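To start, the structure under review is shown below, and the notes come after it.
The values are calculated or read from the model by the stated rules, or taken from the named source; none is laboratory data. Model, not experiment: these values are computed from the prediction. Don't worry about glycine lacking a Cβ; one is built from the backbone with ideal geometry, like all the others, and counts go over all protein chains shown. Protein only, heavy atoms only, side chains kept; ligands, DNA and RNA dropped before computing areas. Shrake-Rupley method; radii C 1.70, N 1.55, O 1.52, S 1.80 Å.
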Amino acid sequence: MNTKNILDGKSAIITGCARGIGSAMLEKFAVHGANVWACVRKLTPEFAERCNELSDRYSVQIIPLCFDMTNKEEMKKAVQLVMKSEHKVNVLVNNAGITYNALYQLTPEAALREQMEINFIAPFLFTQNIVKLMLRYGSGSVINVASTAAIDANSGRSAYGASKAALSCATRALSREVGMQGIRANVIAPGITETDMITSMTDAVIAETVAGTDLRRIGSPSDIADVAVYLASDLSSYITGQVFRVDGGM
Amino acid sequence: MLLRGKNAVVTGCLKGIGKKTLETFAEQGANVWACAQYADTDFEKYCVNLSERTGTWIKPVYFDLTDTDAIKAGVKTISSDKLPIDALVNVAGFTKDAIFHMTSMEQLKLIFEVNYFSQILITQYITKLMLRQKKGSVINIASISGLDGSHGQLAYSSSKAALIGATRTMSRELAPHGVRVNAVAPGVIDTDMNAYVPENVLAGHYNNMSIQRMGCSGEVANAILFLASDMSCYMTGQIIRVDGGMK
């Protein structure tokens, strides 16, 4: 197998491409030869320019797809655009999410509902739509980005961790339901990663967390993106229903 | 190519997952010390052909995992090449199935000798070299039976569980110095180990899977490839199930 371009000929939808892990995924998927629908909430001229640049540089098609994950009408329109496209969807990466830190006793209801809405319900509904397409083609790989907080139940991360645990559980259940239709579904659980999400953490907490990793370093968005490429590719054809911790060993 | 210019030690190369790993690694540009239990002319020919086809070097190294002196000599052969070692893949292993009460101490000790003690010994030697380079990736081949238990595999499942514990601890100790340690836990794979499993038992396994078929050794080799490559550079201490999604 020539794995220079391990995603050659595949088309992927990646949500949350504007920054952080999603932005790194967009680039890695392009490098490995995939066409990408790059989903963002708001389309800026800079982002459109970046999509064009990546398309040219790697001879793939990067199509910006602009919608608010919590807006049903907008999501429907985005799905219709994908359906009408000449490309078949082979891969869905639900990466978009928001973080929240607060002690359990101090978590307001609105924040709790927002976490569940954006981190769990929105990707759940989006996946329903896209898996419907994948079922027609009889193949596909769904990759949902959760968090080690979903497994480790960290203090101050009850709402965030629970929303990611819900996403992780749903993904594994999905893998059992669609495995025989050729669709795989796996979870990536990043540990501490160099993104905007850690701006809510103090330097002391970051240092302490990093010291607790076996590799003694913070993860980079591209570290996480590499694992997504692997799970999207046929190299992982017998792997489904799994949760991959990409956490430097915690 | 995901392993271009890397050098790897792979054990159990005569057949099954080890042989497929050897082939996959060479195709991905890696040079390999291909470790096997005994010298075999067909195997040597195979290595020469693979090496020519892929433009890599493949060096057969022979030792039996029940022979500590032979292991030491084998490792010495490898280290005397004085080349960097980027990956160590411990594939060699075996099983002799028996239910719990029918498992003899002799059998249990033999399986632990091959599947656990010898793996630790090889890894101690090779990672000592990796620590000097401050980089490396160790991949142990465990089994889902080491995680889930398996009827009739008391000795095998416990030896693999022990290897999983060792994998996690080695990660704690070695990863701070740049050496990642992970394991792959294959499910039901099309190797000799499953060649004599009755059809009805296999059907029972398939019913518990999302992807209801036997896995190919190539699919396990591809997971090993991922863990040996820089694509998994932030992963350590992990046990990757390659099992078609077993319940």
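Could you check the stretch B:206-242 and list, in sequence order, the residues that are part of a loop (DSSP other than H, G, I, E, B), at the interface with chain A (Cβ under 7 Å from one of its Cβ atoms) and open to solvent by less than 10 Å² (accessible area, probe 1.4 Å)? Residues satisfying the conditions are B:SER210, B:TYR234, B:MET235, B:THR236.
In the stretch B:175-201, the residue that is nearest to B:PHE94 (Cα to Cα) out of those that are open to solvent by 20 Å² or more (accessible area, probe 1.4 Å) and in a helix (DSSP H, G or I) is B:MET193. Considering every residue within the stretch A:195-211, establish whether at least one is in contact (Cβ under 8 Å) with a residue 12 or more places away in the chain and either within 11 Å of chain B (Cβ to nearest Cβ) or part of a strand (DSSP E or B) (or both). No, every residue in the stretch A:195-211 fails to be in contact (Cβ under 8 Å) with a residue 12 or more places away in the chain and either within 11 Å of chain B (Cβ to nearest Cβ) or part of a strand (DSSP E or B) (or both). Would it be correct to say that B:GLU52 is acidic (Asp, Glu), closer than 22 Å to B:ALA223 by Cα and in a helix (DSSP H, G or I)? Here the answer is no, as B:GLU52 does not meet what is asked. Looking at B:ILE58, B:ILE111, just one residue is within 21 Å of B:ALA195 (Cβ to Cβ) and either open to solvent by less than 40 Å² (accessible area, probe 1.4 Å) or modelled with pLDDT under 95 (or both), and that residue is B:ILE111.
Out of the stretch B:141-156, which residues are in a helix (DSSP H, G or I), farther than 15 Å from B:ASN194 by Cβ and open to solvent by less than 40 Å² (accessible area, probe 1.4 Å)? Answer for the stretch B:141-156, where residues must be in a helix (DSSP H, G or I), farther than 15 Å from B:ASN194 by Cβ and open to solvent by less than 40 Å² (accessible area, probe 1.4 Å): B:GLY146, B:ALA155. Is at least one residue of the stretch A:228-240 at pLDDT 95 or above, open to solvent by 10 Å² or more (accessible area, probe 1.4 Å) and facing chain B (nearest Cβ under 10 Å)? Yes, the stretch A:228-240 contains a residue that is at pLDDT 95 or above, open to solvent by 10 Å² or more (accessible area, probe 1.4 Å) and facing chain B (nearest Cβ under 10 Å). Hey, can you tell me all the residues within the stretch A:84-94 that are open to solvent by less than 20 Å² (accessible area, probe 1.4 Å) and assigned to a loop (DSSP other than H, G, I, E, B)? Within the stretch A:84-94, just A:VAL89 meets the criteria. Scanning the stretch B:1-35 for residues that are in a helix (DSSP H, G or I), within 14 Å of another protein chain (Cβ to nearest Cβ), open to solvent by less than 10 Å² (accessible area, probe 1.4 Å) and not aromatic (Phe, Trp, Tyr) yields B:THR21, B:ALA26. In summary, A:ASN186 fulfils each of the numbered conditions (1) in a strand (DSSP E or B); (2) touching a Phe, Trp or Tyr at 6+ places or on another chain (Cβ under 8 Å); (3) open to solvent by 10 Å² or more (accessible area, probe 1.4 Å); (4) of a type outside the set (A, V, I, L, M) with the single exception of condition (3). The listed residues are A:THR171, A:THR148, and the only one of them that is within 27 Å of A:GLN80 (Cα to Cα) and within 14 Å of another protein chain (Cβ to nearest Cβ) turns out to be A:THR171.
In summary, B:THR68 fulfils each of the numbered conditions (1) buried (at least 17 other Cβ atoms within 10 Å of the Cβ); (2) in contact with a helix residue (DSSP H, G or I) (Cβ under 9 Å, 6 or more places away or on another chain) with the single exception of condition (1).
Taken together, the residues in the stretch A:119-144 that are of a type in the set (Val, Ile, Thr), open to solvent by less than 40 Å² (accessible area, probe 1.4 Å) and part of a helix (DSSP H, G or I) amount to 3. Of the listed requirements (1) assigned to a loop (DSSP other than H, G, I, E, B); (2) more than 10 Å from chain B (Cβ to nearest Cβ); (3) of a type in the set (Asp, Glu), A:ASP214 misses just one: (2).
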